[in-house]
Amino acid sequence: MRNIIMTKIIKIILVDDHSLVRAGIREFLSKASHIQVVAEAGNGVEAQELIQQHEPDMVLVDIELPDINGIDLAFWIRKHFAQMKIIILSSYDDDDYVMSALKAGANGYSLKNTSPAKLIESVNAVYANQSSLDPAIATKVMNFATGTNVTAQQDQLSSRELEVLTLAAQGKTNKEIGETLFISGRTVQGHLSKIFTKLNVETRTEAVVKCAASGLIKIDCGSMTPPGHSPMHAVATYS
């Protein structure tokens, strides 16, 4: 994943029922001067109260909590705070967990054994509107994508929208996509907005999964190719 220069303090709430785990994650994040942990919660109900109180930029939430699980909490956040970023932290990479988290609206999914540097990269990417997946998780998403049927909404995507989505899936920013396609960053954002509407999704990761599932984007561990184009290198972390 390319480095993202942050110019604003990212306010985060940590949600995990183990205080030692929270302390470790807080220590990881403290290595970045632009990240501030504004509150910590040990369960889902406490998290809901703190989220309403602080309205952070992002919530890092464990998938297993003693009352409301992390996936249900993600649904709640997406319903009440549509623009708030969500990263699921988990010890598990099971397919059911991963896909349920993405369907709940999570912007990222990181395993708890990730390095401090990778966790900070994920926070930066998600804050910059780039969904971030642990490499092992990305492979599962790619595998899952091969078994879904084409929908009428996906058939409505134009060739330009497919080009934009393919480049976005490689981790390119709107500016980089624009430079590649010789269009403005604002035009790129317009294409992405139309893609999300047509696919009825909220994140780029969901859009990539749906298009890969329909065959509109060919995806494997080494390439991602829109129909009629030469193979492009793909990275494991999608944006």
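What's the exposure ranking of Val37, Val188, going from fewest to most Cβ atoms within 10 Å?
Details: Val37 18, Val188 23.
Result, fewest neighbours first: Val37, Val188.
Please give the contour-minus-distance gain from Gln36 to Phe182: 0.36 nm per residue of separation, less the Cα-Cα distance, rounded to one decimal in nm.
48.9 nm
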Starting with the fewest neighbours, write out Lys210, Lys175, Lys112 ranked by other beta-carbon atoms found within 10 Å of each beta-carbon.
-> Lys175, Lys112, Lys210
Span from the segment 19-96 Cα centroid across to the segment 164-185 one, whole angstrom | 30
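Over segment 10-128, what is the relative contact order in percent, taking alpha-carbon pairs closer than 8 angstrom and at least six residues apart?
Numbers: 201 pairs, mean separation 29.2, N = 119.
Across segment 10-128, relative contact order equals 25 percent.
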Got a sec to turn the phi values of segment 181-194 into Karplus ³J(HN,Hα) couplings, 6.51 cos²θ - 1.76 cosθ + 1.60 with θ = phi - 60°, whole Hz, x for Gly and Pro?
-> 9, 6, 9, 7, x, 5, 5, 4, 4, x, 4, 5, 4, 5
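Taking K and R as +1 and D and E as -1, what net charge do the other residues with C-beta under 14 Å from the C-beta of His54 add up to?
After counting each charged neighbour, the total is -3.
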Read phi for every residue in segment 12-27 and hand back ³J(HN,Hα) as whole Hz from Karplus 6.51 cos²θ - 1.76 cosθ + 1.60, θ = phi - 60°, with x for Gly and Pro.
-> 10, 10, 9, 10, 7, 7, 10, 4, 5, 5, 4, 5, x, 5, 4, 5
Using the Karplus curve 6.51 cos²θ - 1.76 cosθ + 1.60 with θ = phi - 60°, work out ³J(HN,Hα) for each residue of segment 90-105 in order, rounded to whole Hz, and write x for Gly and Pro.
-> 8, 8, 10, 10, 4, 3, 4, 4, 4, 5, 5, 5, 5, 5, 6, x
Count charges around Val123 for me, please; just the other residues with Cβ under 12 Å from its Cβ, Lys/Arg as +1, Asp/Glu as -1.
-> +2
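Please compute the length gained on full extension between Glu49 and Asn113, using 0.36 nm multiplied by the number of residues separating them and subtracting their Cα-Cα distance. Walk me through the numbers before you get to the answer.
Values: separation 64, 0.36 × 64 = 23.04 nm, distance 2.82 nm.
Answer, rounded to one decimal: 20.2 nm.
Using a 10 Å cut-off around each Cβ, can you sort Val164, Val123 from fewest to most neighbouring Cβ atoms? Let's see the in-between values first.
Details: Val164 30, Val123 27.
Arranged by neighbour count, lowest to highest, Val164, Val123 become Val123, Val164.
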With Rh as the Kirkwood radius over Cα pairs, segment 1-94 has Rg/Rh of 0.95
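Here, each number is a calculation from the coordinates, and none is a lab measurement. No experiment lies behind these values; they were computed from the predicted model shown. Reconstructed Cβ throughout: ideal geometry from the backbone, glycine too, with neighbour counts over all protein chains shown.
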